[in-house]
1. Check residue 154 against each of (1) crowded, with 18+ Cβ neighbours inside 10 Å; (2) under 23 Å from residue 62 (Cα atoms); (3) not assigned by TED's automatic domain parsing to the domain that holds residue 300 and name the one condition it does not meet.
2. Considering only the range 73-88, I want to know if a residue exists there that is closer than 26 Å to residue 179 by Cβ and assigned to a loop (DSSP other than H, G, I, E, B).
3. Being farther than 22 Å from residue 43 by Cα and either modelled with pLDDT of 95 or more or in contact with a helix residue (DSSP H, G or I) (Cβ under 7 Å, 6 or more places away or on another chain) (or both) is the requirement here; does residue 347 meet it?
4. Condition test on residue 281, is it under 25 Å from residue 303 (Cβ atoms) and under 20 Å from the mean Cα position of the chain (by Cα)?
5. Could you go through the range 201-215 and let me know if any residue there is modelled with pLDDT of 95 or more and either not assigned by TED's automatic domain parsing to the domain that holds residue 289 or not in a helix (DSSP H, G or I) (or both).
6. Show the residue pairs that are 6+ apart or on different chains and have beta-carbon atoms under 6 Å apart, the first residue being within the range 326-355 and under 17 Å from residue 311 (Cα atoms), the second being part of a loop (DSSP other than H, G, I, E, B).
7. Would you point out which residue out of 108, 162 is touching a residue at least 12 places away in the same chain (Cβ under 8 Å) and buried (at least 16 other Cβ atoms within 10 Å of the Cβ)?
8. Report, by residue number, each residue of the range 234-260 that is over 27 Å from residue 312 (Cα atoms) and touching a helix residue (DSSP H, G or I) at 6+ places or on another chain (Cβ under 7 Å).
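The values are calculated or read from the model by the stated rules, or taken from the named source; none is laboratory data. Because the structure is a prediction, the values reported are computed rather than measured. In this analysis, Cβ positions are derived from the backbone assuming ideal geometry, glycine residues included, and neighbour counts consider all displayed protein chains.
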């Protein structure tokens, strides 16, 4: 390990983290209605006032998370609280079992309800993290209720919105990797701040790990599939059954590494490393660099129009997973992936002129035009999460 090289990158990471956090505090927070706008141009101008409920939860979480890592700052705590209050006042469908909306207007009028329950998941971790910083018991109770709601919906409970499944269940039913992997990460946050319910969290996290490897992970295909049949069947005759999202798999790998370290399982850690290696080896673009967004595990044409784009968040996940794997194994291959990815991020995603990272690049690494820094799906989450975690992982790697 080249210690000076790693320290130099850590210095750059810290600068980028400050840039990212300040960009969102300056340009995104809504002083009138509360919460955050995330549809921002390259320069930080709001180009749509509709608000993403995912991003209210993610913003609420990240600023409380930053307080945990670096010490409480009033502006961070206020940003977190603003998003929590906005969600509580405007983003919960009280007439439909406290399901949450997907988008709302600037002043909080509901716009769109979706079937999947990630809004509730991000609301849960935001409230949990805020409780961990402030001790506000109301936030813990909210987090617990939302967490259990997500579990129930993922395990067959009727959806109180009445939307029903996306496909005709008599024709085809299946499993989505996003459900157990995101719930595993949610569980790690809840467990950390809520040791009173550790037994429940341990039970649910074990179930998540089981479902990922029993159904989605396919060592014979060298991949982890996004969608499978109810019993893990590989649906090779349809495009959706062959889809691999390398960034998703890499994110999943570090969730699994965290769990492996928690329970002291070297076997689980090795399997998590396989998830990482399969994804990055298959997804890295050998011609232009960077990680492709979708690939077909059989080399057939992916259906998604954006399959060969380079998005910000998969590269954020590589930074975390590669450093975590290197910290735990000291295998230089993982450090090499970190260096390759961080250099790509510096050269293509980072924007020294205005701060924060571009969200969407073409395959050749140039920003889509007009360039943007945020959208319904991109806000203050993946970039600051990855940079703060990378900073702390490097500290651990360099510790005497």
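1. It fails just one condition, (2).
2. no
3. Working: farther than 22 Å from residue 43 by Cα: no; either modelled with pLDDT of 95 or more or in contact with a helix residue (DSSP H, G or I) (Cβ under 7 Å, 6 or more places away or on another chain) (or both): yes.
Answer is no for this residue.
4. no
5. Of all residues in the range 201-215, those modelled with pLDDT of 95 or more come to 201-215.
Checking the rest, the ones that are also either not assigned by TED's automatic domain parsing to the domain that holds residue 289 or not in a helix (DSSP H, G or I) (or both) come to none.
No, that holds for no residue.
6. Final answer for the pair search is 344/289; 344/290; 348/365; 349/358.
7. Matching residue, one of 108, 162: 108.
8. Going through the range 234-260, the residues over 27 Å from residue 312 (Cα atoms) turn out to be 234-238.
Those that are over 27 Å from residue 312 (Cα atoms) and touching a helix residue (DSSP H, G or I) at 6+ places or on another chain (Cβ under 7 Å): 234, 235, 236.
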